[in-house]
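Every number in this text was worked out from the coordinates using simple rules, so none of it is lab data. Keep in mind the model is a prediction, meaning the values are calculated, not measured. Every residue, glycine as well, gets a Cβ built from its backbone with ideal geometry; the counts of neighbours run over all protein chains shown.
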Amino acid sequence: MQADLIVTNARILTMDEGNPAAEAMAVANGRILAVGSRAEMEALAGPGAKRIDAAGKSVLPGFIESHLHILLGAAELGHLQLFGVKGFDELSRKVRDFAAANPDRPVLQAQGADYTILSEAEPVTRHHLDRILPDRAFVMSSPDHHTMWANTRALEMAGILHGRKLGPGNEIVMGADGLAEGELRESEAMGPIMALTGETRLRLGMTGGEPETPPTPAERAADRAVLLEGLKHAAKHGITSFHNMDGNAYTLELLSELRDEGKLLCRGRVPFHYKNFMQISELERASEMSRRFDDEWLTSGFVKLFMDGVLDSWTAVMVEPYADRPDWVGEPLFPADEFARIATEIDRRGLQIAVHAIGDGAVRSVLDGYEAAQKANGRRDSRHRIEHIEVTTDADVPRFAELGVICSMQPPHPPGSQGLPLEPTVSRIGRDRWRLAYAWRTLKDTGAHVVFASDWPVSNVDPILGIQSAMIRKPWAEGLPDHSYSLHEAIAGYTVEGAYTEFAEASKGRLKPDYLADFVILSHDIEAVAPEALHEVRPVLTVCGGTVTYEA
């Protein structure tokens, strides 16, 4: 076979232990033909083969983003971004400018508002937002997307100014006057407002729902256009595969339609999202999605659930009470026995499970459920996942490796990383638990598989920022473990481990013969860049399946 693409003058980090570095690579029919010297690769070139000169810069396997929300992230590209904004005056200026520039939006939406955006002592209420924008509906979300603050106009339009009965783990915070304060915790509380935004179909994956009425061709085209912007954004950051963390058949159908149009820029894996109001029989939808979509470009094959919320709003579930709220451990979205029953049924169907579990109590319940499934169905290579694991316990640390559970973690998430404030998170956790908070290194050292991701749009999707975050992380106090990673370990978290997590370690995550031709060329020799300067490194070319999907 002759090569149709040759990459030369490169510093190739193959992530292949048997052949870790090379200067050139040959590609044929969307797969890697060979990796080696320039002379060897030139000898394989077919007539008219395309040649790419990497100019002495790094070539890596394409990044595998193992936890993002592609449609939500794409939709939010057009929202007001508040990350790093501090104080009422700056917030007010940003919101009013955004409102003036967007006169026709039914609800003005902002993202990335710190819990301490006003100050560490003053929580946001609807009254603050009313002072900024009294006559138009305005909402802003925290970086973790688990808390939203709404002005009075938005609460009135959504019919929740006087509160509403909600399921476990969700809350409309009420004031002494009997009216909503403006703070909404978790998706059920936010739902009535999100229904007003015009983005309902794009958010259905968060509930596992499908469009109630078939979208018109124009509506499908509009949704595809939004999704394409998300794929372009991913490809621009060197991403060639992603694991979506909300999902329904509609998302896969849109991706499939983009493929038919020749516009599928990344390989996608989309789950069925199972919610606590569903009947267990609905898992047949997950099996059907897996039957319909199962090739090198689009797959399903897993079920996503939420066990708890987040630390900052006290919705994560803890073993022991919160350090700053000694009467409260949080409320799980699934009782432990119910989750075990659901996990056993998903596992019986041969599907992978991925569960959002942030507090150590939620993490323990999920591990217990996976253990119950293993006892009921027999041990298999299930590679069930836990997403985030922001706090765990000594007793549970060894169970990940013992049960074969993948630790899906996000380097940009620890307080102090990438500009995130330490408070209120570190005080919620409490010093006694800091040792096992965001404990990537501790978990990796047990032999567990640790895979990295961004949780975009919660954090910047950029894997290079994630690699930097993993390398430069510092303990919060003396005597705490150092959870930082080396460069090669961090790259593996976005390549080798991502491939293993999706059962694709024999076809992606490394640059070696017969593997998929998914790779990224960087602006620098990444091994020669100081960790503190890694954010200056940019993808200049992304290739997926032998096709250029992004060029700087």
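Key figures for this structure:
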| quantity | calculated |
| --- | --- |
| Volume per residue of the C-alpha convex hull in the range 65-217, rounded to whole Å³ | 144 Å³ |
| Normalised contact order of the chain, rounded percent, pairs of Cα under 8 Å and 6 or more residues apart | 17 percent |
| Within the range 107-197: Cβ-based charge dipole about Cα centre, in debye rounded to nearest 20 (Lys, Arg +1; Asp, Glu -1) | 320 debye |
| Contact order relative to length of the range 107-197, as percent, for alpha carbon pairs under 8 angstrom and 6 or more apart | 27 percent |
| Sites residue 232 and residue 179 - FRET efficiency at Förster radius 30 Å, r taken between beta-carbons, to 0.05 | 0.10 |
| Burial order of peptide ranges 353-364, 537-548 (average beta-carbon count within 10 Å, highest first) | 353-364, 537-548 |
| Alpha-carbon centroid distance for the pair the range 225-265 / the range 75-130, whole angstrom | 29 Å |
| Distant alpha-carbon pairs in the range 107-197 (separation over 20 angstrom), percent | 24 percent |
| Mean projection area, nm², convex hull over Cα of the range 451-552 | 7.8 nm² |
| The chain: angle of helix 336-348 to the longest principal axis, Cα-based, in degrees nearest 10 | 30 degrees |
| Computed magnitude of the charge dipole of the chain (debye, nearest 20; Cβ of K, R +1, Cβ of D, E -1) | 740 debye |
| Sum of -39500 (n - 2.57) over DSSP H runs of 4+, divided by residues of the chain (222 nm, nearest 500) | -8500 deg cm²/dmol |
| Relative exposure of 1, 409, judged by other C-beta atoms within 10 Å (fewest first) | 1, 409 |
| Computed log₁₀ I(q)/I(0) - Debye formula, equal Cα scatterers, no solvent, the chain, q 0.11, 0.12, 0.13 Å⁻¹ | -1.00, -1.20, -1.40 |
| For the range 307-485, average projected area of the Cα convex hull in nm² | 9.9 nm² |
| Relative packing of peptides 489-498, 161-170, 429-438 - highest average C-beta neighbours within 10 Å first | 489-498, 429-438, 161-170 |
| For the range 464-478, Karplus couplings with θ = phi - 60° (6.51, -1.76, 1.60), whole Hz, Gly/Pro x | 5, 5, x, 4, 4, 4, 5, 7, 9, 4, 10, x, 6, 7, 4 |
| Separation of alpha-carbon centers, the range 266-333 and the range 491-541, rounded to whole Å | 27 Å |
| Proxy reagent accessibility, fewest Cβ within 10 Å first, across 83, 138, 293, 452 | 83, 293, 138, 452 |
| Ranked list, fewest to most other Cβ atoms within 10 Å of each Cβ, for 500, 274 | 500, 274 |
| Model label zone, residue 323; criterion: amide N under 13 Å from point 7 Å along Cα-to-beta-carbon; scope the range 402-420 | 415 |
